[in-house]
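This report refers to the structure that appears directly beneath it.
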Amino acid sequence: GQNIDQPTEMTATEGAIVQINCTYQTSGFNGLFWYQQHAGEAPTFLSYNVLDGLEEKGRFSSFLSRSKGYSYLLLKELQMKDSASYLCAVEDSGYALNFGKGTSLLVTP
Amino acid sequence: IAGITQAPTSQILAAGRRMTLRCTQDMRHNAMYWYRQDLGLGLRLIHYSNTAGTTGKGEVPDGYSVSRANTDDFPLTLASAVPSQTSVYFCASSILAGGTDTQYFGPGTRLTVL
């Protein structure tokens, strides 16, 4: 079985930093993805972690601790366009991703 | 380059009708996937295909069928639609099979079954 947990909603201020957490309990682990999804649009790839540690990509960073079953997505210098849902997904089966329910982030002025 | 296209964009369907959602990719990706996305439930895998000629069942396959006659196309068929199949359907593809490769999503089909 698999269980992937993320907060349902978060609110942050433009220019600030926000951390979106994801915890997982899965039967296997082959990697963790973060996707961004704006309302009414398709998910788009943000980051991939398979080894412990921090992956930095511009304003976005993603961290993974396999021993704790934990990841976070860090968004710096928040912009209004960052208002979206952020999806955590784990590859645990060898054939496809299992997605969390997503975190809806609202960036306010 | 179009990437992944889906058709139709949206559809309203009477219960009991047969419906095929189309998905085409021009990236020569080996693997393709169908997900449904429902409020409060997130993305759930319906069926997948690791390569042309092969398909597999995901988390919620009942009531759906797929085929993969060639690399580019991966249609999803609802043999007899029911209201619980009202959802947004996303097709995705990745270069490699197995789920560890980045998946690219199509724009989605919004289906309403009445």
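FRET efficiency for the A:A39 to A:S67 pair, using the beta carbon distance and R₀ = 30 Å, is estimated at 0.25.
Multiplying each eigenvalue of the alpha-carbon gyration tensor of the protein assembly as shown by 5 and taking the square root yields semi-axes of 29, 20, 16 Å, largest first, rounded to whole angstroms.
Restricting the stretch A:13-109 to GluC sites (Glu not before Pro) that sit in a DSSP loop and have at most 14 other Cβ atoms within 10 Å of their own Cβ leaves A:E14, A:E41, A:E77. Per the Kirkwood formula applied to alpha carbons, chain B shows a radius of gyration over Rh ratio, Rg over Rh, of 0.94. Rounded to whole numbers, the Karplus 3J(HN,Hα) couplings from phi for the stretch B:28-34 are 6, 6, 6, 9, 9, 9, 10 Hz, using 6.51 cos²θ - 1.76 cosθ + 1.60 with θ = phi - 60°, and x at Gly and Pro. Which of rounded, prolate, oblate describes the stretch A:1-73, given a ≥ b ≥ c as roots of the alpha-carbon gyration tensor eigenvalues and a/c under 1.5 marking rounded, otherwise prolate only if a/b is larger than b/c? Note, shape of the stretch A:1-73 comes out prolate. Under the combined filter of DSSP loop state and at most 14 neighbouring Cβ atoms within 10 Å, the stretch B:1-87 retains these trypsin sites (Lys or Arg not before Pro): B:R17, B:R18, B:R28. In square angstrom and rounded to 100, what buried accessible area do you get between chains B and A, total over both, with the probe at 1.4 Å? Result for this pair: about 1500 Å² buried.
Length gained on full extension, B:L39 to B:S65, computed as 0.36 nm times the residue gap minus the Cα-Cα distance: 7.1 nm. Take each peptide in B:102-113, A:92-103, B:73-84, count the other Cβ atoms within 10 Å of every residue, and average; sorted highest first, the result is A:92-103, B:102-113, B:73-84. Within the same chain, aspartates and glutamates fewer than 8 places from A:K57 are excluded, and of the rest, those with a Cα less than 16 Å from its Cα are A:E77, A:D82. Per residue, the stretch A:34-109 exposes 44 Å² of accessible surface when a 1.4 Å probe is rolled over the protein heavy atoms with every protein chain present. Contact with the other protein chains removes 10 Å² or more of accessible area, compared with the isolated chain and a 1.4 Å probe, from these residues of the stretch B:61-107: B:F90, B:G98, B:G99, B:T100, B:T102, B:Q103, B:F105, B:P107. For trypsin sites (Lys or Arg not before Pro), the sites in the stretch A:9-90 that DSSP calls loop and that have at most 10 other Cβ atoms within 10 Å are A:K68. Note on A:T11 and B:M27: their simple-model spin labels are 3.6 nm apart, each label 7 Å out from Cα toward Cβ.
The values are calculated or read from the model by the stated rules, or taken from the named source; none is laboratory data. None of these values were measured; they are calculated from a predicted model. Here Cβ is always computed from backbone atoms with ideal geometry, including for glycine, and neighbour counts include all displayed protein chains. For the accessible areas, the whole protein counts, side chains as well, though only heavy atoms, and no ligand, DNA or RNA atoms are used. Shrake-Rupley method; radii C 1.70, N 1.55, O 1.52, S 1.80 Å.
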